[in-house]
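S.K.: Please read through the structure below; I'll follow up with questions.
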Amino acid sequence: LKCDAVVSEISAGPGTVNFTINRELLAKTVLQQVLKDGSEYGVKSELFSTVPRQKAVIEFSSPNIAKKFHIGHLRSTIVGNFIANLKVALGHEVTRINYLGDWGMQFGLLGVGFQRFGNKEKLKSSPLQHLFEVYVQINKAAEDENTKELAKDFFRKLEEHDEQTLSLWKQFRDLSIEEYIRIYKRLGVRFDEYSGESFYQEKSQEVLKMLEDKGLLQKTTKGTGIVDLSEKKDLSSFSTVMRSDGTSLYITRQVNLAAAIDRMNKHSWDTMIYVTDKSQSNHFQQLFQILKLMGYDWAKRCQHVSFGLVQGMKTRRGEVIFLEDVLNEVRSRMLQNMASAKTTKEIEDPMETAEKVGLAALIIQDFRGLLSSDYQFSWDRALQSRGDTGVFLQYTHARLHSLEQMHGNKQLTDVNVACLQEPDAISVLQHLLRYDEVLYRSSQDLQPKHIVSYLLTLSHLAAVAHKTLPVKGSASEVAQARLCLFQAARSVLANGMELLGITPVTQM
């Protein structure tokens with residue numbers, strides 16, 4: 001075996017052959033690539049050269065208007081946002097859809113409730129909170145037959161497009177979406193499209209007719225409409241698509257069918273991903289199966305990314321009812337921690353920093369394991385500054401950033417990176433070299449944990465190097481090379497954090 005430009009030394013040990021990589025070449029290649037590609041580092045790798053660019057539709061978050069935005073919706077929101085970010089970074093065209101629960105019998109109840117307990121001022125100032133309170137109140141009253149009748153009546157008027165009823169419903173919906181947009185903005189999440197069950201009411205009747213025409217719709221003795229999904233056609237597995245009174249089911253199978261067909265016509269996507277908790281796996285299996293039976297061969301390009309449940313997410317005020325409560329809680333706890341930390345310098349906007357760091361803590365705690373795993377949420381564990389947390393990632397980024405600020409950042413052209421020979425420098429360089437593999441793994445299975453563990457390791461390696469390879473007090477040439485190494489580490493750290501939906505902070 002002969003040495004070449006890449007391998008500088010080959011030696012044999014007992015039962016092993018050892019290759020020593022040309023360290024100067026490693027340092028030069030990696031640092032040049034990182035600093036040249038900037039935010040596209042890793043994505044431009046040849047690993048992705050054969051991956052076709054696609055159109056993806058991603059449906060995520062999808063809360064129900066007037067019901068509480070529970071922690072499962074938060075998971076769906078951050079997971080969907082991560083998948084969308086990753087696909088966009090890899091050059092795919094992505095449409096982000098929020099499919100709201102904005103129709104069904106509960107709107108009959110809500111309408112009656114609002115007529116009885118509603119307050120126009122409260123509706124304007126905090127729609128989600130007020131509609132939820134009204135919904136809780138009317139649900140207590142709904143034991144009474146008279147109220148039930150009124151609710152049915154209200155919903156029937158809604159389905160018949162009665163002007164007054166419809167305008168009240170539209171007000172609920174518009175004000176709720178406005179508030180959602182404001183809260184999603186705090187999360188750094190946006191949607192291209194807000195759609196919902198209400199859009200597909202008429203279309204779902206068309207779908208029932210299509211099922212009937214294709215001979216797939218069967219009626220049971222009770223009059224409900226079902227589709228046989230069994231292989232032997234013995235009804236050992238079936239899906240109910242219609243109530244006996246002919247109205248669309250709340251499970252909205254055919255509403256979802258209508259939505260899927262409509263999106264194909266509208267976006268002609270290559271892949272459609274639904275991000276919801278795993279309790280809905282069965283529902284999506286049935287949905288995809290019915291689409292196949294209807295002759296849509298694109299059904300096999302639909303995908304359900306499911307996730308486990310989160311236990312123990314309570315705020316100081318008690319059970320989580322609104323997403324905003326979680327965001328406020330994480331911000332106030334983070335502010336408290338920052339105030340009690342002795343090292344906290346005067347930060348320009350402590351509120352905003354606390355929000356970004358707190359959000360990083362939430363996201364990393366959520367993304368560390370397999371998405372399908374349930375986990376026990378803990379505020380204390382999430383917000384620790386030491387250990388594998390989002391706070392630690394933010395802290396590392398801020399430290400590396402202030403190092404650059406202190407010493408000014410030099411362009412690579414006039415830096416001699418050959419002086420980066422120490423093992424701690426080589427560890428960082430080798431780790432930076434692996435970034436594309438990690439992105440590739442995440443792009444294959446859509447699991448963020450690969451990127452999370454990569455960034456945590458990068459932060460640990462950078463922290464060690466920061467201790468053993470001082471910039472201050474070193475010879476100018478060495479200092480410049482080290483600065484260059486830390487700059488590259490910070491750049492890749494920031495890229496990875498942004499993919500996960502985290503905004504890196506520059507001071508802490």
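S.K.: If we scan the stretch 85-103, do we find a residue that is closer than 16 Å to Ser176 by Cβ and part of a helix (DSSP H, G or I)?
M.R.: For the stretch 85-103, residues closer than 16 Å to Ser176 by Cβ and part of a helix (DSSP H, G or I): absent.
S.K.: In addition: Is it the case that the stretch 217-234 has a residue that's touching a residue at least 60 places away in the same chain (Cβ under 8 Å), in a helix (DSSP H, G or I), open to solvent by less than 60 Å² (accessible area, probe 1.4 Å) and among the β-branched types (Val, Ile, Thr)?
M.R.: The answer is no; no qualifying residue exists.
S.K.: Assess whether Lys300 counts as being part of a helix (DSSP H, G or I), touching a helix residue (DSSP H, G or I) at 6+ places or on another chain (Cβ under 9 Å) and not assigned by the TED database to the domain that holds Leu456. Quick ask: steps written out before the conclusion?
M.R.: Numbers: part of a helix (DSSP H, G or I): yes; touching a helix residue (DSSP H, G or I) at 6+ places or on another chain (Cβ under 9 Å): yes; not assigned by the TED database to the domain that holds Leu456: yes.
Yes; evaluated as a whole, the condition is true for this residue.
S.K.: Follow-up question, since we're still on this one. Within the stretch 409-423, take every residue that is in a helix (DSSP H, G or I) and in contact (Cβ under 8 Å) with a residue 24 or more places away in the chain and give me the one that is most open to solvent (accessible area, probe 1.4 Å).
M.R.: The extreme case among them is Asp414.
S.K.: When residues of the stretch 424-448 are filtered for being surrounded by fewer than 16 Cβ atoms within 10 Å (Cβ to Cβ) and outside any helix (DSSP H, G or I), how many remain?
M.R.: Of the residues in the stretch 424-448, 1 are surrounded by fewer than 16 Cβ atoms within 10 Å (Cβ to Cβ) and outside any helix (DSSP H, G or I).
S.K.: Does at least one position in the stretch 16-23 carry a residue that is touching a helix residue (DSSP H, G or I) at 6+ places or on another chain (Cβ under 9 Å), in a helix (DSSP H, G or I), open to solvent by 60 Å² or more (accessible area, probe 1.4 Å) and over 30 Å from Glu319 (Cβ atoms)?
M.R.: Yes, there is a match, as at least one residue in the stretch 16-23 is touching a helix residue (DSSP H, G or I) at 6+ places or on another chain (Cβ under 9 Å), in a helix (DSSP H, G or I), open to solvent by 60 Å² or more (accessible area, probe 1.4 Å) and over 30 Å from Glu319 (Cβ atoms).
S.K.: What residue, of Ala360, Ala354, is touching a residue at least 60 places away in the same chain (Cβ under 8 Å), crowded, with 21+ Cβ neighbours inside 10 Å and either among the hydroxyl-bearing types (Ser, Thr, Tyr) or in a helix (DSSP H, G or I) (or both)?
M.R.: Answer to the selection: Ala360.
S.K.: Suppose we filter the stretch 38-84 for residues that are in a loop (DSSP other than H, G, I, E, B), surrounded by 17 or more Cβ atoms within 10 Å (Cβ to Cβ) and out of contact with any strand residue (DSSP E or B) (no Cβ under 8 Å at 6 or more places or on another chain); how many remain?
M.R.: 7
S.K.: Exactly one condition in (1) open to solvent by 90 Å² or more (accessible area, probe 1.4 Å); (2) in contact with a Leu (Cβ under 8 Å, 6 or more places away or on another chain); (3) of a type in the set (S, T, N, Q) is false for Ser237; which is it?
M.R.: (1)
S.K.: Collect the residues in the stretch 272-298 that are polar (S, T, N, Q), over 17 Å from Leu235 (Cα atoms) and crowded, with 16+ Cβ neighbours inside 10 Å, keeping them in residue-number order.
M.R.: Within the stretch 272-298, the first condition is being polar (S, T, N, Q), and the residues that meet it are 276, 279-282, 285-286, 289.
Still in the list and also over 17 Å from Leu235 (Cα atoms): 276, 279-281.
The answer is Thr276, and nothing else.
S.K.: In the stretch 109-156, how many are basic (Lys, Arg) and over 19 Å from Asp174 (Cα atoms)?
M.R.: The total comes to 5.
S.K.: Could you tell me which of the residues Ser340, Ser373 is more than 18 Å from the chain's Cα centre (by Cα) and not assigned by the TED database to the domain that holds Leu187?
M.R.: The conditions single out Ser340.
S.K.: Looking only at the stretch 130-153, filter to residues that are touching a residue at least 40 places away in the same chain (Cβ under 8 Å) and surrounded by fewer than 17 Cβ atoms within 10 Å (Cβ to Cβ); which one of those is nearest to Lys67 (Cα to Cα)?
M.R.: Lys152
S.K.: Could you tell me whether any residue of the stretch 180-189 is in a loop (DSSP other than H, G, I, E, B) and under 26 Å from Asn98 (Cα atoms)?
M.R.: yes
S.K.: Right, here's the next one. Report yes if some residue within the stretch 312-328 is open to solvent by 40 Å² or more (accessible area, probe 1.4 Å), in a helix (DSSP H, G or I) and in contact with a Phe, Trp or Tyr (Cβ under 8 Å, 6 or more places away or on another chain); otherwise report no.
M.R.: So far as the stretch 312-328 goes, no, none of its residues is open to solvent by 40 Å² or more (accessible area, probe 1.4 Å), in a helix (DSSP H, G or I) and in contact with a Phe, Trp or Tyr (Cβ under 8 Å, 6 or more places away or on another chain).
S.K.: Looking at Asp424, Asp388, which is the one that is under 27 Å from the mean Cα position of the chain (by Cα) and acidic (Asp, Glu)?
M.R.: Asp388
S.K.: Which residue pairs have Cβ atoms under 6 Å apart, sit 6 or more places apart or on different chains, and have a first residue in the stretch 312-333 that is assigned by the TED database to the domain that holds Leu131 and a second that is open to solvent by 20 Å² or more (accessible area, probe 1.4 Å) and of a type in the set (Gly, Ala, Ser)?
M.R.: Listed pairs, sorted by first residue: none to list.
S.K.: Could you give every pair whose Cβ atoms fall below 8 Å, whose first residue belongs to the stretch 370-384 and is under 19 Å from Val79 (Cα atoms), and whose second residue is assigned to a loop (DSSP other than H, G, I, E, B) and open to solvent by 70 Å² or more (accessible area, probe 1.4 Å), counting only separations of at least 6 or pairs across chains?
M.R.: Matching pairs, first to second residue: Asp374/Leu309.
S.K.: Within the stretch 85-126, work out how many residues are among the aliphatic types (A, V, I, L, M), in contact with a strand residue (DSSP E or B) (Cβ under 6 Å, 6 or more places away or on another chain) and open to solvent by less than 20 Å² (accessible area, probe 1.4 Å). Please lay out each step first, then the result.
M.R.: Within the stretch 85-126, the first condition is being among the aliphatic types (A, V, I, L, M), and the residues that meet it are 86, 88-90, 94, 97, 100, 105, 109-110, 112, 123.
From the residues that got through so far, the ones that are in contact with a strand residue (DSSP E or B) (Cβ under 6 Å, 6 or more places away or on another chain) too are 88, 94, 97, 100.
If we keep only those that are open to solvent by less than 20 Å² (accessible area, probe 1.4 Å) too, we end up with 97, 100.
Result for the stretch 85-126: 2.
S.K.: Being closer than 24 Å to Leu74 by Cβ, open to solvent by 70 Å² or more (accessible area, probe 1.4 Å) and not aliphatic (A, V, I, L, M) is the filter here; which residues of the stretch 299-311 pass it?
M.R.: Answer for the stretch 299-311, where residues must be closer than 24 Å to Leu74 by Cβ, open to solvent by 70 Å² or more (accessible area, probe 1.4 Å) and not aliphatic (A, V, I, L, M): Gln303, Gln311.
For every residue, the table says whether it meets (1) part of a helix (DSSP H, G or I); (2) over 30 Å from Leu359 (Cα atoms); (3) not basic (Lys, Arg).
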| position | (1), (2), (3) |
| --- | --- |
| Phe114 | yes, yes, yes |
| Lys122 | yes, no, no |
| Gln129 | yes, no, yes |
| Asn139 | yes, yes, yes |
| Asn146 | yes, yes, yes |
| Leu150 | yes, yes, yes |
| Lys157 | yes, yes, no |
| Thr165 | yes, yes, yes |
| Arg173 | yes, no, no |
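S.K.: Out of all the residues in the stretch 434-452, which are hydroxyl-bearing (Ser, Thr, Tyr) and over 23 Å from Ala27 (Cα atoms)?
M.R.: Listed by number, the residues that qualify are Ser442, Ser443.
S.K.: Being open to solvent by less than 10 Å² (accessible area, probe 1.4 Å) and touching a residue at least 60 places away in the same chain (Cβ under 8 Å) is the filter here, so list the residues in the stretch 459-468 that pass it.
M.R.: Step one: list which residues in the stretch 459-468 are open to solvent by less than 10 Å² (accessible area, probe 1.4 Å), which gives 459, 462, 465.
Within the stretch 459-468, Ser459, Ala462 qualify.
The values are calculated or read from the model by the stated rules, or taken from the named source; none is laboratory data. None of these values were measured; they are calculated from a predicted model. Ideal geometry is used to build each Cβ from the backbone, glycine not excepted, and the neighbour counts take in all protein chains shown. For the accessible areas, the whole protein counts, side chains as well, though only heavy atoms, and no ligand, DNA or RNA atoms are used. Shrake-Rupley method; radii C 1.70, N 1.55, O 1.52, S 1.80 Å.
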